[in-house]
Every structure is written in structure tokens, then in C-alpha cells.
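Enquirer: Take this structure first; my questions come after.
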Amino acid sequence: MTSLSVEVLAADAVEPITSAGNAQLGIAVLAGIAVIVLLITRFKLHAFLALTIGSLALGVFAGAPLAATIDSFTAGLGKTVASVGVLIALGAILGKLLADSGGADQIVDTILAKASRRSMPWAMVLIASVIGLPLFFEVGIVLLIPVVLLVAKRGDFSLMRIGIPALAGLSVMHGLIPPHPGPLVAIDALGANLGVTLALGVVVAIPTVIIAGPVFSRYAARWVDIPAPENMIPTRPSEELEKRPGFAATVATVLLPVVLMLVKALVDIVVGDPDNGLQRVTDVMGSPLIALLTAVIVGLFTLGRAAGFSKQRLSTTVDKSLAPIAGVLMIVGAGGGFKQTLIDAGVGQMILEFSKNWSIPALLLAWLIAVAIRLATGSATVATISAAGLVAPLAEGMGTSETALLVLAIGAGSLFFSHVNDAGFWLVKEYFGMDVGQTVKTWSVMETIISVFGIVFVLLLSLVL
């Protein structure tokens, strides 16, 4: 295992907060998840409270000290809000600027004019895949949500027919394609060739995203036929605007963080020297926080000022953008707290210990280990890092293509069945206005389709390479 993967693993592999055996820990995980689901579905408790109570219940069943459980939960909540929460807030500001200035209308009107009704899901998966290439999943969501909701509303589409392709495009990029953090760490840990992994990743990603996106969205729209939630749809300005931003300026503003992050990734690959002056600059400018903040600042001029907004109007727009996302922030944060409680209880290590005795082909083994850790901890990144560390010795005798496929097998496994211990689950649920059952039928099933078809295509490639 390389120094990078060891360093990242060490950050998560803290001393467990409980000395419970694997059997007790497994029961505690199931009990904690059951408490959350029961409180939300049966007793209609707010998801933030359910996740908080479920985390405490997990600690109790695992025999962990209450103080340690509380520390784990609050640390995970704080870490999630500090990272994802800030991005959600910046995304909300950018989305409000898009809406109030008429920029979102400009994008949606252009898309609806150019794409036929039949091709709309394909257009959405293409847009999401391009935008999602260099972005974290959460950043991609907050950038795409205004467009997805408006297209669904204006075109009178079922939300799932438009939303699922967009989510599939983002998720496939996140799990399979470098320069996303998970695939990059796995490439480093296994000594894989980045170019070969990228090329084979694209080969696997294309059919996978087609099946999980436009194709599955037909069935998802039948299972959960809901309109775009009114409280999340960017509203038109109350007054008619004399002018609105041009299509090119609007798209350039939305894509600005994408470009900044992509430049950072390319410089990291080409230069590969943290002390290099150029890489230092791009590392700062291409970080998700700075990239989105830059887009917001630019948007104040290219969107707000272009629509004739005064300084006071811009201030009001920013202020109004933050209130609707308070509930989303707390729920996503609590999901991060539950995930951290699972990790600190030693669930990831429990899965790794079980998997040591599995005698199956390397590609399938890597996928299953990642699946198990993903189901237990809710973190695709933790699943990728842990699985890569465990199967690293197997890569020593492999060829270039085989090692690249091993990375992709891990990435596919890390996306399997997102549920209540994944902050992304709650992000999708709240943005799309679904209940827990509807989110499982759509988002969770979509993630499973990506994971299963991902490993199927990886195994098929292994037969010819």
C-alpha cells in the first residue's frame, strides 16, 4: 500500500469507541438503521431527530460509552456541515441568482427548444456527466438542481424522468472516473496506470450510465410519479425583468467551478509536485469551496448586474437563498454524524476482518469488499480506500489492464445501495421532496444498478483484455 492510501486510511481508522465483538456490532448496526427507518416511516419524526436518536441507539446497542457516541456523532455532523454544508449554501446562492436574474430560464428555455421531449433524459445525462467529471457529487447536485427542477416543471415531466439521468451521470463519474478522489486513491494504492484506468473507466461508464439513467428513469417515473417540489423550484422574479443574462454568460458562470476543478486535476496529474508554484495556485482555486465561491462572486456580475439588479437587490437575493436550505443542511449533517458513528464503532474494520477469508476471484472480491463497507458505513470514499488497501497485494502480479479493472471493480462496489447512513441519500431525498420509501425505490435502486452493471462490464472486459 502506498503512503497516500496509508495516510487516508489512518485518518479514518481511529481507535474504536467500543470493544464489542463482531456479532454485537453487526446487531447494533441493524438496530440503529431500524430505529431511524421506524421513527421516520411509522412515527413521522423529522429525519434530523431520527438520525440523531438512531446514532445514539447504535452506540447503546454496541456497548459504547454515551459520551464517546455523542462525540462521534457531533464530529461527523460538524465535518459534514463544514464541508458539504458550505457547498450547499454556495450552491443555493448561485441557484437563486440564476433564478432571479432569469439565467435559469434562459438555460431551460434553450434546452427545451433544442432537445425533443424524447431526447430530454439523454440530454440531462450528458449534461450531468460533463459537469460531474471534475466535481464532487454534492457540488454537482447543487449546480444541477435548479436546471433539473425547472426542466421538469416547464416541460411537464415526471421529476424522476429528468432527475434520475442527472443523478446517474454524476454518480458514475464520482465512482468510476478519475480525477475523483476515490478512484485516484485506489489508483495510487494499487499502482494502476491513470490513463489506462481513465480509458477503461469511460468504456464501463457509458453503458452503465445509459442503463441506470435514461433507461431506468422510465421505471422510476412509474414507481414514484411526483412533480418537482414547489418549495425547491427556483421561482421567477416577482416583476418582469427588462433584460436577462445571455445563454453563453449564464452557462459560463455555471461551468466556471467545473473548469477550475478540472484545471486543478490536470495540473496535479501533469505537474505532480505539491511545491510547484502553478500547482499551489490551482490547488487553491480548484478546491470545491473556492471554485464555487468564485462562481458566486462572478455570478453577482454576470447574472445579477446583467439583469439590472441594484446592490440592495443582490443582497436580498443572497439572503433569501439561505432560508429554504436550513432543514436540508441539518438532515445531511445528521447523516454524516450517523456515518461517523458507524466508522468510529469499528464497522469498517469488522467488514475487513470478515473479508480476509473470502476465496473468490480478485475482481469480484474487491467489489464485494467495497459493497460490504459501503452498506455498513454509507461512505463511498471509505469503501474505496479500505477495499483498495485490502486487495493491494493482489495487484502486484497483475498486468496494466488487470490493475485498472481492479480499481474500477472497487469503484463500482463503493456505489452499491445508498441508504439511510449515507448523507447523499438525505441530500437527494430533501432536494427532490421524496419520503424515505420513494428515495429507496429511485435513488437507492439507481445506485445499485450502477454498481451491479459496473462490475458486470468490468468482468466482461476482463475476458477480452
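The values are calculated or read from the model by the stated rules, or taken from the named source; none is laboratory data. Keep in mind that this is a model prediction, so the values were computed, not measured. Methodologically, a virtual Cβ is constructed for each residue, glycine included, from the backbone with ideal geometry; neighbour enumeration extends over all protein chains shown. The area values use the complete protein model at the heavy-atom level, side chains included, leaving out ligands, DNA and RNA. Shrake-Rupley method; radii C 1.70, N 1.55, O 1.52, S 1.80 Å.
Enquirer: Applying a 10 Å radius around every beta-carbon, put 361-367, 79-85 in order of their mean neighbour count, most first.
Expert: On the way: 361-367: 21.6, 79-85: 19.0.
Averaged packing, sorted descending, gives the order 361-367, 79-85.
Enquirer: Sticking with this one: What is the distance in Å between the Cα centres of segment 25-69 and segment 419-465?
Expert: Each part reduced to its Cα centre gives a spacing of 23 Å.
Enquirer: Heavy-atom accessible area per residue, the chain, 1.4 Å probe: how many Å²?
Expert: Details: 18730 Å² over 465 residues.
Accessible area per residue, the chain: 40 Å².
Enquirer: Relative to the longest principal Cα axis of the chain, at what angle does helix 66-80 sit, 0 to 90 degrees, rounded to 10?
Expert: That works out to roughly 40 degrees.
Enquirer: By how many degrees, between 0 and 90 and to the nearest 10, does the Cα long axis of helix 86-101 differ from the longest principal axis of the chain?
Expert: 20
Enquirer: Cut-off under 15 Å on the C-alpha distance; same-chain residues fewer than 8 positions from Lys320 excluded. Which aspartates and glutamates are left, in chain and number order?
Expert: Hits, sequence-local ones excluded: Asp100.
Enquirer: Same structure again: Using mean Cβ contacts within 10 Å as the protection proxy, how do 166-178, 423-435 order, highest first? Working shown, then result.
Expert: Numbers: 166-178: 28.1, 423-435: 22.7.
Averaged packing, sorted descending, gives the order 166-178, 423-435.
Enquirer: Follow-up question, since we're still on this one. For the chain, with all protein chains present and a 1.4 Å probe, just round the carbon and sulfur fraction of the accessible area to a whole percent. Display every interim value, and only then the final one.
Expert: Working: 12330 of 18730 Å².
Whole-percent figure for carbon plus sulfur exposure: 66.
Enquirer: Still on this structure, please answer the following. Rounded to the nearest 0.05, what FRET efficiency do Arg42 and Thr400 give with R0 = 45 Å and r taken as the Cβ-Cβ distance? Could you check? The partial results should precede the final answer.
Expert: Details: r = 52 Å, r/R0 = 1.17.
With a Förster radius of 45 Å, E is 0.30.
Enquirer: Here is a further query. Looking at the chain, I'd like the Rg to Rh ratio, where Rg is from alpha-carbon atoms and Rh is Kirkwood's inverse mean 1/r. Please list the in-between numbers first.
Expert: Details: Rg = 21.8 Å, Rh = 22.6 Å.
Result: Rg/Rh = 0.96.
Enquirer: Within 10 Å, count the other beta carbons around each residue, average over each peptide in 394-400, 217-223, 144-150, 293-299, and list them highest first. Please report the intermediate quantities before stating the final value.
Expert: Numbers: 394-400: 14.0, 217-223: 17.6, 144-150: 25.3, 293-299: 19.4.
Output ranking for 394-400, 217-223, 144-150, 293-299: 144-150, 293-299, 217-223, 394-400.
Enquirer: Now, a different point. Using heavy-atom solvent-accessible surface (probe 1.4 Å) with all chains present, what is the largest-first order of Arg374, Arg118, Arg305?
Expert: Values: Arg374 10, Arg118 205, Arg305 110 Å².
Per-residue accessible area, sorted high to low, gives Arg118, Arg305, Arg374.
Enquirer: I've got another one for you. Taking a probe of 1.4 angstrom, what is the accessible area of Phe48 in Å², to the nearest 10?
Expert: The accessible area of Phe48 comes to roughly 50 Å².
Enquirer: May I ask you to compute the full-extension gain from Ile360 to Arg118, defined as 0.36 nm times their residue separation minus their alpha-carbon distance, rounded to one decimal in nm? Mind showing how you got there, number by number?
Expert: Values: separation 242, 0.36 × 242 = 87.12 nm, distance 4.30 nm.
Once the chain is fully extended between Ile360 and Arg118, it gains 82.8 nm.
Enquirer: At q = 0.24, 0.25 Å⁻¹, what base-10 log of I(q)/I(0) does the Debye formula yield for segment 83-173 when every alpha carbon is treated as an equal point scatterer in vacuo?
Expert: Here the Debye-derived log intensity ratios amount to -1.27, -1.33.
Enquirer: I've got another one for you. Heavy atoms only, 1.4 Å probe, whole protein assembly: order Phe309, Phe43 by accessible area, highest first. Don't jump to the answer; show the numbers that get you there.
Expert: On the way: Phe309 10, Phe43 135 Å².
Largest accessible area first, the residues go Phe43, Phe309.
Enquirer: A follow-up question, please. Taking every eigenvalue of the Cα gyration tensor of segment 253-328, multiplying by 5 and rooting it, what semi-axes result, largest first, whole Å? If you can, show how the numbers build up before the last one.
Expert: Values: eigenvalues 196, 41, 17 Å².
Output for segment 253-328: semi-axes of 31, 14, 9 Å.
Enquirer: Still on this structure, please answer the following. Under a straight-distance cross-link criterion of Cα-Cα below 21 Å, which lysines are reachable from Lys114, leaving out those fewer than 8 residues away in the same chain?
Expert: Output for Lys114: Lys153.
Enquirer: Using only the heavy atoms of the protein chains and a 1.4 Å probe, how would Asp100, Asp188 rank by accessible area, largest first? It would help to have the intermediate numbers written out before the result.
Expert: Numbers: Asp100 15, Asp188 55 Å².
These residues rank, largest area first, as Asp188, Asp100.
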